[in-house]
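Everything on this sheet refers to the single structure shown next.
The values are calculated or read from the model by the stated rules, or taken from the named source; none is laboratory data. Computed from a predicted structure; not experimentally measured. A quick note on method: Cβ atoms are made from the backbone with ideal geometry, for glycine too, and the neighbour counts reach across all protein chains shown. Accessible surface areas use protein heavy atoms only, side chains included; no ligands, DNA or RNA. Shrake-Rupley method; radii C 1.70, N 1.55, O 1.52, S 1.80 Å.
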Amino acid sequence: MPAEAAPASSTTLPALPALPNLDLPDADLRHLPGSPGLRRTQLALFGAGLATFLLLYSTQALLPSLSQGLHLTPGQASWTVSAASIGLALAVIPISALSERFGRTRIMTASVFAAVVIALVLPFTDSLAVLTTLRGLQGVALAGLPATAMAFLAEEVHPSALAPAMGLYVAGNSIGGMSGRLLSGVVAGAYGWRAGLAAVAVASLLCAIAFRVLIPKAQCFRPGPVNPGALWRTVTGHIRNPLLSRLFALGLLFMTVFGAVYTVLGFRLVAAPFNLPQALASSIFVVYLVGTVASALSARVGARLGRRGALYVAAGTTSVGLLLTLPDSLALTLLGLVLITAGFFTGHCVASAAVGRTATTGRAQASALYLAAYYLGNSLGGSVGADAYHAAGWNATVMVALAAMVLALGVTAYGSVSAAHLRRTQAAALG
């Protein structure tokens, strides 16, 4: 749905921040398995995750209708998706720092309701400039949820109950990412893009209310000072780490492909030779569920092939899927989309999990950097992919995505060569 460095077995599109190392004096106050507090926490954060990804991708399935209604090119319309991703990417690190001072619950509540208020205004906009600006602000607002939700769980939930609690939050992300696209697309097919946005806004408002009603009062949070200097040193230190910087690049490149394909494919399906209705074209987002299976299997693939082996498989699978979408065949296009989705989720889960393992200090900031790169990739892929489609058709979009996968293979190969060189150097030093 982001990322907060989810484990490789998670089922989310966005990666989720890695858990902070906690030494809680009030461990007895944390929610235990089966407790009412745990159930309320799980349901509340499921609703928060659902609202986040309902809103983040609310315009993606609407792009053909939006383009027609406001007389926009595909590239111009794609900025309604890209702006939200950019806003989230830029805001996730500072907002995660603010949650250390003002509390997780307060930040999450402010974030989700601010994003919903903007969503309620969106159906009434009449210009691309206003719509894009509001979507950018909505992305900034939404940054407060992925930046703080996992930290809240780690602080308030007993370790014995943490995995299922995280799993339900991740499920909310995944289901929200799919259902937001489906809901807006299907409603827009019947009543227009404004109605599609309004439907998502109302659904998100209900999720936000459920979150606020259900979320228990934090019992283990201890506020700390916000130290911009220390934050800057941690962030720049992570960027200078060669392995972490490669992982950030991989998150950006895999998401570039995903953003390009899922932003542009709707345009292709409603045009000749497919000529699908808007509602039917939106149903392709059901393929998003392939990511659930791919995410679960990514840990097994990584265990058998190693991190870099799994990344080679992910990039290769994605590339094959891209090539399958080139012919004007609906069956091949859908098969290609399945492979693209599976390859993306595998690569994303392997890379995001590796961030949490690689960063020995400042894990939350390392994961936030990955999340920022990830969403910048979504913005880059959506915008460049849409411009390429407008200029030269679907094949040009595929070439953009394939170029990203070639770069991902290059980054992974460079890592393999660097690791081999390091092993030889260490062996020579010992021998």
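May I ask you to give the solvent-accessible area per residue for the chain, in square angstrom, as obtained with a 1.4 angstrom probe?
Details: 16280 Å² over 431 residues.
The answer is 38 Å² per residue.
Taking amide H as placed 1.01 Å from N in the peptide plane, the amide H of His31 sits under 5 Å from that of Val157, His158, each at least 5 places away or on another chain.
Under the rule a/c < 1.5 gives rounded, and otherwise a/b versus b/c splits prolate from oblate, where does the range 71-134 land using the Cα gyration tensor? Verdict is oblate for the range 71-134.
Please compute the length gained on full extension between Arg240 and Leu280, using 0.36 nm multiplied by the number of residues separating them and subtracting their Cα-Cα distance.
Numbers: separation 40, 0.36 × 40 = 14.40 nm, distance 4.61 nm.
Computed gain between Arg240 and Leu280 is 9.8 nm.
What percentage of the solvent-accessible surface of the range 98-236, computed with a 1.4 Å probe over protein heavy atoms, is contributed by carbon and sulfur atoms? In the range 98-236, the share of accessible area belonging to carbon and sulfur is 72 percent.
When shorter helices are ignored and each DSSP H run of at least 4 residues is given -39500 (n - 2.57), the per-residue value for the chain at 222 nm works out to -27000 deg cm²/dmol.
For the range 283-431, relative contact order (Cα pairs under 8 Å, six or more residues apart, normalised by length) works out to 24 percent. Each residue of the range 132-142 was assigned a 3J(HN,Hα) from its phi angle through the Karplus expression (A = 6.51, B = -1.76, C = 1.60, θ = phi - 60°), giving 5, 4, 5, 5, x, 5, 5, x, 4, 4, 5 Hz with x at Gly and Pro.
Carbon-plus-sulfur fraction of the accessible area of the range 263-330, 1.4 Å probe, in percent?
Numbers: 1970 of 2880 Å².
Using a 1.4 Å probe with all protein chains present, the range 263-330 comes out at 68 percent carbon and sulfur.
Across the range 345-354, rounded Karplus estimates of 3J(HN,Hα) from the backbone phi angles (6.51 cos²θ - 1.76 cosθ + 1.60, θ = phi - 60°) give 5, 5, x, 5, 5, 5, 5, 5, 5, 5 Hz, Gly and Pro being marked x.
Most tightly packed first, judged by the mean number of other beta-carbon atoms within 10 Å of their residues, the peptides 263-274, 213-224 read 263-274, 213-224. Which entry in [x] 63, 58, 46; [y] 78, 56, 34; [z] 61, 60, 40 matches Cα extents along the principal axes in Å derived from the coordinates of this structure? Answer label, from the structure shown: [z]. Taken about its Cα centre, the range 22-164 carries a charge dipole of roughly 220 debye when the Cβ of each Lys and Arg holds +1 and the Cβ of each Asp and Glu holds -1. Approximating the spin labels as points 7 Å out from Cα along Cα→Cβ, the Thr360-to-Val117 distance works out to 4.5 nm.
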